[in-house]
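**Student:** Quick one: the structure is below, questions incoming.
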Amino acid sequence: MRTQFLPFHQPDIGSEEIEAVVRTLRSGWLTTGPETRAFEQAFAEFVGARHAIAVNSGTAALHLALDAIGLKAGDEVLVPAMTFAATAEVVLYFNARPVLIDCDPETLNIDPGLLEASITPRTRAIIPVHVAGQPCDMDRILEIARRRNLHVIEDAAHAIPARWRGRLVGTLSDITCFSFYATKTITTGEGGMITTDNDAYAERMRIMSLHGISRNAWNRYTADGSWYYEILHPGYKYNMTDIAAAIGSEQLRKAERFWCLRQSLARAYDRGLADIPEIQVPRVREDLQHAWHLYIVQLALETCTLDRARLVDLLKQHNIGCSVHFIPLHLHPYYRDTFGYRPGDFPQAYATYQRVVSLPLHTRMTEADVGDVVDAVRTIIAQHRR
Ligand SMILES: *Cc1c(COP(=O)(O)O)cnc(C)c1O
């Protein structure tokens, strides 16, 4: 058994990020400025998008995206039940309604086959989430959206770098929202990025990210800037700092290398867990690139005498940190009480929730660490076979 605790997640910050932060601190420019512009440009090039707008969280990115499409009170937006709080709460900011959709139990992604039945005259958009880093079936989602005249905004918080049929996530739909939260595949501590090919959306999101004041207001204190600005709309305070952007640019340079490491760790898990029938490893479609933000296994409850919570506890006793993605939204008190949801209203999300465990997957791990997790799972399962 491991003597040292293996954390579920660890950020991978090297001397490059530290030096970039120090350089920024010394530069005398801390908030949105040249580092942020450089990070935006590099990110736009990386995913191949026309515009990239840096913000201070993935949640802010989603909020600005819904503002850009003109979401109004009383509108409806289709969001997965199996997601994090942010995906649905941003809809509620507008007094609009998040309409939950059940998941495909194999990929945990929103089930495109259930979308049409939930579309009403008030439906304005779909927010698919690429759960764990595996892209949703974007062809089906985009086809439904086109036919029913809906916007598609991707919650790509897990999806750097992920590919749908050869194309990087970031250019597939109207607007794509990324997160650089501390646990994500690349991080700025807190931060987010929005990509779009639509000039009008980009302009609106850039303005709204900084108080709704006129373009280029960020440089009003530089030699080139002007003191004059105009408030065009009541906006938000969502701009990224140059300190965060300096970290982001260094992380982006490492994104491909991080991905290779994550993929080999995921493959090591696949191999190691293959002969434990009680554990279902992630099922990945052939025609896409999984970003491997998370490695989510499913416990075959019928075959053993322990439940998911107990498995997480026992892994912790074996010095292995795990997590659960996600507690479906409809089970949380706010959604349950506001919309009157019952657990069985989203049967796949509910059933899958009982089975899922996210095993440690990060670039500070080695294949030997994966071996330790596999050994611990094997030992625990052997003690709980039916
Ligand atoms: C992390 C996450 C977000 C939000 O990201 P923040 O940067 O923390 O605001 C949104 N959606 C999903 C699915 C996430 O996991």
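The values are calculated or read from the model by the stated rules, or taken from the named source; none is laboratory data. Note that this is a predicted model, so its numbers are computed, not measured. Because the Cβ atoms are built from the backbone with ideal geometry, glycine has one as well, and the counts that use them run over all protein chains shown. SASA here: full protein model, heavy atoms, side chains in, ligands and nucleic acids out. Shrake-Rupley method; radii C 1.70, N 1.55, O 1.52, S 1.80 Å.
**Student:** Using Cα centres only, tell me the gap between region 101-137 and region 167-184 in whole Å.
**Tutor:** One Cα centre to the other: 16 Å.
**Student:** Moving on to the next point. Can you give me the % of accessible surface on the chain that is carbon or sulfur? Probe 1.4 Å, all protein chains present, nothing else counted. Don't skip to the answer; put the middle values down first.
**Tutor:** Details: 8480 of 16550 Å².
C and S atoms contribute 51 percent here.
**Student:** Counting only DSSP beta bridges with both residues in the chain, what percent are antiparallel, rounded to the nearest 5?
**Tutor:** Numbers: 26 of 42 bridges.
Just about 60 percent of them are antiparallel.
**Student:** With only Lys, Arg, Asp and Glu charged, each at its Cβ (+1 for the first two, -1 for the last two), find how big the charge dipole of region 242-386 is about the Cα centre; round to the nearest 20 debye.
**Tutor:** 120 debye
**Student:** Going Cα to Cα from Lys254, which lysines come in below 22 Å? Please leave out same-chain ones fewer than 8 positions away.
**Tutor:** Lys184
**Student:** From the square roots a ≥ b ≥ c of the eigenvalues of the alpha-carbon gyration tensor of region 162-219, which class results: rounded (a/c under 1.5), prolate (a/b over b/c), or oblate?
**Tutor:** Details: a/c = 3.47, a/b = 1.34, b/c = 2.59.
In terms of gyration-tensor shape, oblate.
**Student:** Give the residue from Phe46, Thr59, Ile18 lying farthest towards the positive end of the charge dipole for region 1-59; charges sit on Cβ (+1 for Lys and Arg, -1 for Asp and Glu) and the dipole is referred to the Cα centre.
**Tutor:** Thr59
**Student:** A follow-up question, please. Can you tell me the orientation of helix 199-208 relative to the chain, as the angle in degrees between its alpha-carbon axis and the longest Cα principal axis, to the nearest 10?
**Tutor:** For 199-208 against the chain, the angle is about 90 degrees.
**Student:** I would also like to ask the following. Specify whether the C-alpha gyration tensor of region 45-184 places it in the rounded, prolate or oblate class, a ≥ b ≥ c being the square roots of the eigenvalues: rounded for a/c under 1.5, otherwise prolate if a/b is larger than b/c and oblate if not.
**Tutor:** Values: a/c = 1.41, a/b = 1.17, b/c = 1.20.
The shape class here is rounded.
**Student:** Along region 95-108, what does the Karplus equation 6.51 cos²θ - 1.76 cosθ + 1.60 (θ = phi - 60°) give for ³J(HN,Hα), rounded to whole Hz, x for Gly and Pro?
**Tutor:** Karplus-based 3J(HN,Hα) across region 95-108 equals 6, 9, 10, x, 9, 6, 10, 5, 9, 7, x, 7, 9, 6 Hz.
**Student:** Hey, another quick one. Apply the Karplus parameterisation 6.51 cos²θ - 1.76 cosθ + 1.60, with θ equal to phi minus 60°, to every residue of region 287-300 and state each ³J(HN,Hα) to the nearest whole Hz, in sequence, with x for glycine and proline.
**Tutor:** 8, 8, 10, 7, 7, 6, 5, 10, 10, 9, 9, 10, 8, 6
**Student:** Suppose every K and R has +1 on its Cβ and every D and E has -1 on its Cβ; what is the size of the dipole of the chain about the Cα centre, in Debye to the nearest 20? Walk me through the intermediate numbers first.
**Tutor:** On the way: 40 positive and 45 negative charges, 43 e Å.
With Lys and Arg at +1 and Asp and Glu at -1, about 200 debye.
**Student:** At what distance in angstrom do the alpha carbon centres of region 270-309 and region 312-386 lie from each other?
**Tutor:** 10 Å
**Student:** Just to check I understand the Karplus step: with θ = phi - 60° and J = 6.51 cos²θ - 1.76 cosθ + 1.60, what whole-Hz values come out for region 235-242, glycine and proline as x?
**Tutor:** Calculated HN-Hα couplings, in order: x, 10, 10, 10, 5, 7, 7, 5 Hz.
**Student:** So how strong a dipole does region 171-313 carry about its Cα centre when Lys and Arg Cβ are +1 and Asp and Glu Cβ are -1, to the nearest 20 debye?
**Tutor:** Computed charge dipole of region 171-313: roughly 280 debye.
**Student:** Please report the antiparallel percentage of the DSSP beta bridges confined to region 1-144, to the nearest 5.
**Tutor:** On the way: 1 of 9 bridges.
Percent antiparallel among DSSP bridges in region 1-144 is about 10.
**Student:** Follow-up. Starting from the amide H of Thr32, placed 1.01 Å from N in the peptide plane, find each other amide H under 5 Å away whose residue is 5 or more places distant or on another chain.
**Tutor:** Long-range HN contacts for Thr32: Asp242.
**Student:** Right, next: Using alpha carbons only, how many degrees (0 to 90, rounded to 10) separate the axis of helix 58-68 from the longest principal axis of the chain?
**Tutor:** That works out to roughly 50 degrees.
**Student:** Could you give the accessible area per residue of the chain, probe 1.4 Å, as a whole number in Å²? Walk me through the numbers on the way to the answer.
**Tutor:** On the way: 16550 Å² over 386 residues.
Value for the chain: 43 Å² per residue.
**Student:** Okay, next question. Determine one quarter of the surface area of the Cα convex hull of the chain, which equals its mean projected area, and express it in nm² to one decimal. Walk me through the intermediate numbers first.
**Tutor:** Details: hull surface 78.6 nm².
Taking the Cα atoms of the chain, their convex hull projects to 19.7 nm² on average.
**Student:** Could you work out the relative contact order of the chain? I mean the mean sequence separation of Cα pairs under 8 Å and 6+ apart, divided by the number of residues, in percent. Could you put the intermediate results ahead of the total?
**Tutor:** Working: 807 pairs, mean separation 89.6, N = 386.
About 23 percent, as a whole number.
**Student:** What does the highest-first list of 370-377, 280-287, 173-180 look like by mean Cβ count within 10 Å?
**Tutor:** On the way: 370-377: 21.0, 280-287: 14.6, 173-180: 27.6.
Order by mean packing, descending: 173-180, 370-377, 280-287.
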